[in-house]
Amino acid sequence: NRRKKKGDSTLESPSIPNPFPELCCSPFASVLSASLLPKATSRKKQVIKVYSEDDTSRALEVPSDITARDVCQLLILKNHYVDDHSWTLFEQLTHTGLGRAIEDHELVMEVQSNWVMEEETKLYFRKNYAKYEFFKNPLSFFPDHMISFPSETNAALSHSGVLQMFLSSSTYPEIHGYLHAKEQGKKSWKKLFFLLRRSGLYFSTKGTSKEPRHLQFFCEFSNSDMYMSLTGKKISGAPTNYGFCFKPNKSGGSRDLKQLCADDEQSRTCWMTAIRLLKYGMQLYQNYMQPYQGRSGCSPLNITPMRSISENSLVAMDFSGHRSRIIENPTEALSVAVEEGLAWRRRGCLRLNSHGSPIAMSNMGMSIHRSQSWFHHKISREEAQRLILQHGLVDGVFLVRDSQSNPKTFVLSLSHGLKIKHFQIVPLEDDGKLFYTLDDGHTRFTDLIQLVEFYQLNKGVLPCKLKHYCARIAL
């Protein structure tokens, strides 16, 4: 009876008012919470195969909604690579000789769903140093003779002003110039004056006229992807090696390609960069800013390129005397740098073998470069150019290879000014010792490693320093 009375008293006790009525459960609480919470859908997993430069492959089991950036991050972690934000997933069509860098936000499974059974298509994991280079230095990507701004816009625009105009939803600069177009269903090419506007790509039927009655629609980009020609003139018979094309999604094959060809690399780079910005807009900038989000000075309204240490802030110092001094004479500074490099090599020239006796490294110096990532053994000039092109035509991208014309020499292939230049490394014998030189013996190096290290710090006779090497990574 006492328990019953206690239960009755608790039921009859007055309710305490809720101090937070806005948090009370309402009839709509379940509906709102269900809409706010993520759906617990089962993420299907699929297996993809990714290749590297040396044609090794790796199978990955990934969810169906994985992006290209996520695949790159997964491979970086699995292979313990350094993430310098330049790793990229490439799509390569082997039979047609086409390839493109998949954007970081694209879904990999959607890309694979557009593949045609008749074509041999592969995914490659490699570096692309030019992926977002136009955000750092846009003025070099858009030459004055190919771009025109709206009449109300001031012609003297800063680099951030140019980018903001490209990324704006209301205005868009016009890109114009001559391109070679392959006629549909024919093998012939025709040179036409093209214009890129927000509504699409057009060509003029009457010279360089921009009047609407003379413009004919060529292509729009929402339902197609842009590819670069990797084989040049071989497959398509293009007049130059600077081809690119548009491939409709889920098309029947090469017959639906809309192929174009530029006269030089700068022109092709300008067209392809402008079309990327037109198709993806602010999404590209978000992809570029994603690794740096949360850092100071990286607001979307203030586009500031990431700077490296200026060459002018580096000075040559002499520490041989009682007091250190700055070497102002460039010739003296160069000779001191060479002497320091030679002294460093002499100190490391003797090593102890397993029995504790010193062994000479002169014979080993002849082949020690073969273990370096930047050295490519017995590749042709065309293959070296293709490899650098796939890594991005940024100043300082390089590799060292064997010379095909002279078996005893080597070649330094270097990208500068959107061009690939080749410099011969000649062996030079002096007083019974073998040296390597790029400048007819004025600067000598005991091996190729010392040569590369020197030109990574000093421009010397090269047009720019060696910055990024092309490596054949293994997955």
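The values are calculated or read from the model by the stated rules, or taken from the named source; none is laboratory data. Keep in mind that this is a model prediction, so the values were computed, not measured. Neighbour counts are summed over all protein chains in view; Cβ atoms, including those assigned to glycine, are modelled from backbone coordinates with ideal geometry. Please note that ligands, DNA and RNA were not included when accessible areas were found on the heavy atoms of the full protein model with its side chains. Shrake-Rupley method; radii C 1.70, N 1.55, O 1.52, S 1.80 Å.
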* Answer with yes or no whether Ser413 is of a type in the set (Gly, Ala, Ser) and in contact with a helix residue (DSSP H, G or I) (Cβ under 6 Å, 6 or more places away or on another chain). => yes
* **strands (runs of 3 or more DSSP E) completely within region 162-218 that count 2 or more residues being open to solvent by 80 Å² or more (accessible area, probe 1.4 Å)** => 189-197
* When you look at Asp144, is it within 19 Å of the chain's Cα centre (by Cα) and either in the same structural domain as Arg197 (by the TED database) or not small (Gly, Ala, Ser) (or both), yes or no? -> no
* For residues that are of a type outside the set (Gly, Ala, Ser), assigned to a loop (DSSP other than H, G, I, E, B), free of Cβ contacts under 8 Å to residues at least 60 places away in the same chain and open to solvent by 30 Å² or more (accessible area, probe 1.4 Å), tally how many sit in region 219-236. => 2
* **Total residues in region 241-289, condition outside any helix (DSSP H, G or I), in contact with a Lys or Arg (Cβ under 8 Å, 6 or more places away or on another chain) and either at pLDDT below 90 or farther than 19 Å from Leu196 by Cβ (or both)** => 2
* Asked: Say we look at region 420-460 and pick out the residues that are among the polar types (S, T, N, Q) and either part of a loop (DSSP other than H, G, I, E, B) or open to solvent by less than 60 Å² (accessible area, probe 1.4 Å) (or both); which of these is nearest to Arg381 (Cα to Cα)?
  -> Thr437
* Condition met for Gly392 (crowded, with 16+ Cβ neighbours inside 10 Å and on the phi > 0 side of the Ramachandran plot) -> yes
* Scan region 195-206 for residues that are out of contact with any helix residue (DSSP H, G or I) (no Cβ under 8 Å at 6 or more places or on another chain) and of a type outside the set (S, T, N, Q) and jot them down. => Leu195, Arg197, Gly200, Tyr202, Phe203
* Structure fact -> The one condition Lys465 fails out of (1) farther than 30 Å from Leu60 by Cβ; (2) touching a Ser or Thr at 6+ places or on another chain (Cβ under 8 Å); (3) among the basic types (Lys, Arg) is (2)
* Which pairs have Cβ atoms under 8 Å, sit 6 or more apart or on different chains, and link a residue in region 270-295 that is open to solvent by 60 Å² or more (accessible area, probe 1.4 Å) to one that is at pLDDT below 90 and assigned to a loop (DSSP other than H, G, I, E, B)? -> Lys279/Phe221; Lys279/Ser222
* Asked: So Pro463 fits all but one of (1) in a loop (DSSP other than H, G, I, E, B); (2) modelled with pLDDT of 90 or more; (3) in contact with a Leu (Cβ under 6 Å, 6 or more places away or on another chain); what number is the exception?
  -> (3)
